[in-house]
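Engineer: This structure is in structure tokens; I'll ask about it shortly.
The values are calculated or read from the model by the stated rules, or taken from the named source; none is laboratory data. Nothing here was measured: the structure is a model prediction, and the numbers come from that model. Quick reminder, even Gly has a Cβ in these numbers, built from the backbone with ideal geometry, and neighbours come from all protein chains shown. The area values use the complete protein model at the heavy-atom level, side chains included, leaving out ligands, DNA and RNA. Shrake-Rupley method; radii C 1.70, N 1.55, O 1.52, S 1.80 Å.
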Amino acid sequence: MASVVAQCHYIFGLRTGVINNICYFDEQTVIFPCGNNCVRYNIDQRWQRFIPGTEKSQGMQALAISANRRYLAVSERGEKGTITVYDLQHEQSRKRKVLSGGEVPVLEFVSMAFSPDSKYLIGQAGAPDWTLFYWMWEKQKVMASVKTTGSTNPINQVSFNPQDNTQICVSGNGVFKLFRYAEGALKQSNFLKLESQNFLSHTWMSEERVIAGTETGRLLVFESGDLRWEMSVTTKPATQEADRQLERRKPEEVKSEGAAPSRMPRITAITSYSKGFACSAGPGTVCLFEKTEEKDNYRKTREIRVMWWSHSFEVCVCVCVCVCVCVCPGYIRSRLGPNAPFLYFVILSYLLSFLPSFLPIQRNIVESLRLTQFLCVVHQGEQAHFEFLSHSFHSNIITGLSICIRKPLIATCSLDHSVRIWNFETNVLELHKEFQEEAFSVALHPSGLFILVGFSDKLRLMNLLIDDVRTFKEFTVRGCRECVFSHGGHMFAAVNGNLIHIYSSTTFDNLLNLKGHNGKVRAIVWSTDDSRLVSCGMDGAVYEWNTLNSKRESESVLKSCSYTGVTISPDAKTIFAVGTDCTLKEIQDCQILREVAADDVAYTTIAMSRSGRVLFAGTSIGTVRAIKYPLSTQKDWIEYQAHSGAVTKMVITFDDQYLLTVSEDCCLLIWKIIDKEGRGLKRDKDITYAEEILITKSDLEEKNQIMMELKTRVEELKMENEYQLRLKDMNYNEKIKDLSEKFVQEIESLKTKNQVLKTEKEKQEMSHLEVTREVVEKHSREQQDFESTSNQKLMLEYEKYQELQLKSQLMQEGYERQLQAMEDSKGRALEELTLFYEAKLQEKMLMLGQVREGYRVGTGGAHPLVRGQAPGEDAHAGPSQTVIKDTTLEKRKLLAWNSCSITFTLSCCFSSLQKDIDDRNVEIEKLRVEQQKLRGVIKSLEKDILGLKKRSKERDETIQDKEKRIYDLKKKNQELEKFKFVLDYKIKELKKQIEPRENDIKEMKEQIQEMEGELDQVHKRNTQLELNITELKLKLKATDKEMHKETQRVREAGGRLSALHENG
């Protein structure tokens, strides 16, 4: 890699094909595209910070800044269109996210907008699909997408509802649609047929209202997606002015624009503010509209005219949310008066910036409304005057670039008919001159005092004056595409087609004509000693010429390549050339030593540092490459994203500190050449730049005349000022007298006031003492009464507390005894019942056993008879047997009856026993309930005891509070005493202060009397001096008369004496 690198230092230029190409970051900083970069430009300090574009980008298409001014979205065209979001709060504007259409093929995004909370971003893709994407950009997630229009109706602008992240407005040629994001999709919410309208811009006025501007100068107001109101911004004066401007322009320019002159202004930009909106209304016009009292209606309140240049342009309105508007009204109120509607004008003057854009022939000058000037326009109704926010830039392809040795100047020329002189140390535009023809080439003399400019008809040598560029010699070189001064400045070379002319810079003679190229010469360069000249052309030839005898020293011809750039090494032994074959050639002794491929990118120009360490090459895609020397066959270079168009010219300054590049994108880029450690390259010797300038004799005489006039004017002003000072002194003396009298009166009045205040103070002191005495006595009485009452209350409460405590103890003991007795009686009753019922149970068990035994005995004798009888014996039995059977049956029945009666009695006994058990259980439950009640009573008594304790504590606390209050009252009493002491001390201090002031007043009076005495003496002296002067003047006149008489006598005596001599 190259050991020398280039760092972007400063940019002059502005890209006009970018939508929303100027954004405010804060009050002092604007962001605009230039080349393949976005520039952060500080208006006050004039520094620049750069946001470079992405690699392999084909140019920026649109910008968008978030509502919180933190994020910047940049749309770039390429094989796949992308949107890059940058964090502006980061010092280097760190790249946050890169968004794309995903699987949908998108070449470019023509418009973008951030949501009000800056979390979402919408991007409108270009032709042929015209798809609208809705991103959650921080997660790079496409929330929804929808096709907004057909292939024949382009979209011009998309925007968010300022109060709703889900509502989007899309406008374009025959398109005005509102979309709402719901359920993961963008759904259209209005359906209007507006195919005849081409909407160029729109803005949200409220949550439901949108105002759109059309190509024909119509303003349409939409409410909830329906058309409510329509009007035109066209006025008769504006139409007449546009007609006059069209008449001024050349017919060729009108034809080149390919459109008939139109009376209707194009509303290319529109923005809202608190009372209405502002919109562009054709070339150089901005209209302000205010909302009227009628519903959904606006009226035009102001039409602001912007200054005209030689070419027309349109206005682009840019909104700056200025946080300092709230502090401005005081400033404006002082300018306009208390009744002026200051807030409305302050917001406009700070929020609007004007930018020429969107016409092929224009001036890319960023204009800013200055506060006082705009207010002057609104207040007086006169035409506005504007100051440059930055320098004016080239608006067409820059064709020429040159530098000088003695001054830090850069000269550029462009197809926009202008030549500009820049200063690369101060980064300012020194001179600017426009011509009638296109300028093809430019060359600065090494002294920095002269410039060569090649036009289509002539080559002109001009003087760089202090404020102008003036021609003083013309050469008949038509269509000069290249011209270069020699390093010594004594010669210059100019190209005319395939012929190179060499002229003398002093005699302007044509010294040599170098013939040999068969095609147009594209580049020429002088050697360090000016003995040789190297040229290359479209015929594939590179020639080295001897500038003394016009012979070719060496040549290299390669007809397959059309050369576009050439340079020579500092030792003049090696030539480097680039051309259309996408290679860099190193030529030495008529041989191509090396060829370095450029990866299918054509080099357009090349430059070598004076140290010979590095080569810089510009490409057809706008990039700049730093190539290490000696060359290698590998890719040993560093590539920088510089311009959005092909690099046309490249120059390195003579101290190897800066690299200068210009391009077809109308931008001049200054690079700082440094090593990899960030240090600048070492200079062989320090270069001191000259400060001399040229000025013509007529200009100098004119300036001298102006200076003389100004001097005389200064003398007159001095005399007038002295006279005015004398008058003011007299007035001031009179005022001093008046003031002194006034002050004396005031002093007397103050003395009387002071005496009155003293008496009042004494009265207040007496009353204060009486009041404090009464307060102290009252406080002591209240304190004693309160202490006695509180002590009595305390004793009573303590006695009550003791009684209650005894009662609670007695009650607790009684309840405990009752509980113990109840538990004992309950235990005894339970034992008696268990013994009683156990005895009864034993008796019943004995009776049951007896019954069972009797039953067993009663039935036991019958069984054998029954068992012993056979089934067939019944028929043979006799009467005796039947009798026996009857008796046994009766016995059985009797036994059964007895057993039934016994079981019945047993069951009755059991039920009665069960009932007794239940009754006992009920009694036990009742006893338990009573026990619980007693426990509840005990708890309530305990609560009463706690409440009494709490009350006693509260009373203790109240007693403590009363004691604290007593202490606070004592403390206040002490403070009052201290305050009394402080007042006494202040009264003493005031007395002490009054005395020296009275002394000062006396001294001032004495001084005034002394000054009056001195003033009277001065007046007396002046009168005496005036009398002396008059006497001396009279004496002088008398002596003059006597002297004249004496001279006359001397003459007469001399005449007589001479007569005597003649007679004698």
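Engineer: Take Ile747 and Lys964, extend 7 Å from each Cα along the Cα→Cβ direction, and tell me the distance between the two endpoints in nm.
Structural biologist: 5.8
Engineer: Given N residues in segment 920-1007, what is its alpha carbon radius of gyration divided by 2.2 N^0.38 Å?
Structural biologist: 3.06
Engineer: Just round it to a whole percent: the fraction of Cα-Cα distances in the chain exceeding 58 Å.
Structural biologist: Cα-Cα pairs of the chain separated by over 58 Å account for 53 percent.
Engineer: Considering only Cα-Cα distances, which of the following residue pairs are longer than 30 Å: Lys80/Lys187; Lys56/Lys193; Lys735/Lys1020; Lys433/Lys718; Lys844/Lys891?
Structural biologist: Exceeds cut-off: Lys56/Lys193; Lys433/Lys718.
Engineer: Turning to a different aspect of this structure: Please report the accessible area of Glu1031 (heavy atoms, 1.4 Å probe, ligands and nucleic acids excluded) in Å², nearest 10.
Structural biologist: Glu1031 has an accessible surface of roughly 100 Å² with all protein chains in place.
Engineer: Using Cα pairs under 8 angstrom and six or more residues apart, how large is the relative contact order of the chain, in percent?
Structural biologist: Dividing the mean separation by the residue count of the chain yields 6 percent.
Engineer: With unit charges on the beta carbon (Lys/Arg positive, Asp/Glu negative), name the residue among Phe424, Ile500, Gly123 whose Cα is farthest towards the positive pole of the charge dipole of the chain.
Structural biologist: Most positive-ward Cα: Gly123.
Engineer: Still on this model: Determine the sum of side-chain charges near Thr149: Lys and Arg each +1, Asp and Glu each -1, restricted to other residues whose C-beta is under 10 angstrom from that of Thr149.
Structural biologist: It works out to a net charge of +1.
Engineer: Rank these residues by their accessible area, most exposed first, probe 1.4 Å: Lys1002, Lys433.
Structural biologist: I get Lys1002, Lys433, largest accessible area first.
Engineer: I've got another one for you. How many angstrom separate the Cα center of segment 996-1013 from the Cα center of segment 690-766?
Structural biologist: 23
Engineer: First compute the accessible area of segment 920-1007 with a 1.4 Å probe, then give the percent of it belonging to carbon and sulfur atoms.
Structural biologist: Here carbon and sulfur together make up 53 percent of the probe-accessible area.
Engineer: If you don't mind, another one. List the aspartates and glutamates whose Cα lies under 18 Å from the Cα of Lys800, skipping any in the same chain that are fewer than 8 positions away.
Structural biologist: Glu942, Asp944, Glu954, Asp956, Glu957
Engineer: Calculate the dipole size of segment 920-1007 relative to its Cα centre from +1 charges on Lys and Arg beta carbons and -1 charges on Asp and Glu beta carbons; express the result in debye to the nearest 20.
Structural biologist: Value, rounded to 20: 640 debye.
Engineer: Report, in debye and to the nearest 20, how large the dipole of the chain comes out about its Cα centre when Lys and Arg carry +1 and Asp and Glu carry -1 on their Cβ.
Structural biologist: Value, rounded to 20: 1000 debye.
Engineer: Could you name the lysines in cross-link range of Lys1045, using Cα to Cα under 28 Å and dropping any fewer than eight places away on the same chain?
Structural biologist: Lys1033, Lys1035, Lys1037
Engineer: Ok, one more. To the nearest 20 Debye, how big is the dipole of segment 691-757 about its Cα centre, given +1 on the beta carbon of each Lys and Arg and -1 on that of each Asp and Glu?
Structural biologist: Charge dipole, segment 691-757, about its Cα centre: 600 debye, nearest 20.
Engineer: Using only Cα atoms, locate the centre of segment 128-189 and the centre of segment 548-588, then give the distance between them in Å, rounded to an integer.
Structural biologist: Each part reduced to its Cα centre gives a spacing of 55 Å.
Engineer: Let me ask something else. Heavy atoms only, 1.4 Å probe, whole protein assembly: order Tyr801, Tyr41 by accessible area, highest first.
Structural biologist: The residues order as Tyr801, Tyr41, largest area first.
Engineer: Taking a cut-off of 20 Å between Cα atoms, list the lysines near Lys559, but don't count ones fewer than 8 places away on the same chain.
Structural biologist: Correct list for Lys559: Lys515, Lys520, Lys585.
Engineer: Skipping prolines and chain starts, which residues have an amide H placed within reach, meaning under 5 Å, of the one on Ser57, given they are 5 or more residues away or on another chain?
Structural biologist: The list, which skips near neighbours in sequence, is empty: none.
Engineer: Note down the accessible area of Thr905, probe 1.4 Å, to the nearest 10 Å².
Structural biologist: 70
Engineer: Which of Ser901, Gln28, Leu192 sits farthest toward the positive end of the charge dipole of the chain, with +1 on the Cβ of Lys and Arg and -1 on the Cβ of Asp and Glu?
Structural biologist: Ser901
Engineer: I'd like to know which of His1061, Phe836, Met707 lies farthest towards the positive end of the charge dipole of the chain, counting +1 on Cβ of Lys and Arg and -1 on Cβ of Asp and Glu.
Structural biologist: Towards the positive end, the residue furthest out is Phe836.
Engineer: What is the local net charge at Arg94, summed over the other residues whose Cβ is closer than 12 Å to its Cβ (Lys, Arg +1; Asp, Glu -1)?
Structural biologist: Surrounding charge for Arg94 is +2.
Engineer: Please tell me which of these pairs span more than 23 angstrom C-alpha to C-alpha: Lys807/Lys953; Lys763/Lys971; Lys753/Lys991; Lys761/Lys986; Lys761/Lys991?
Structural biologist: Pairs exceeding 23 Å: Lys763/Lys971.
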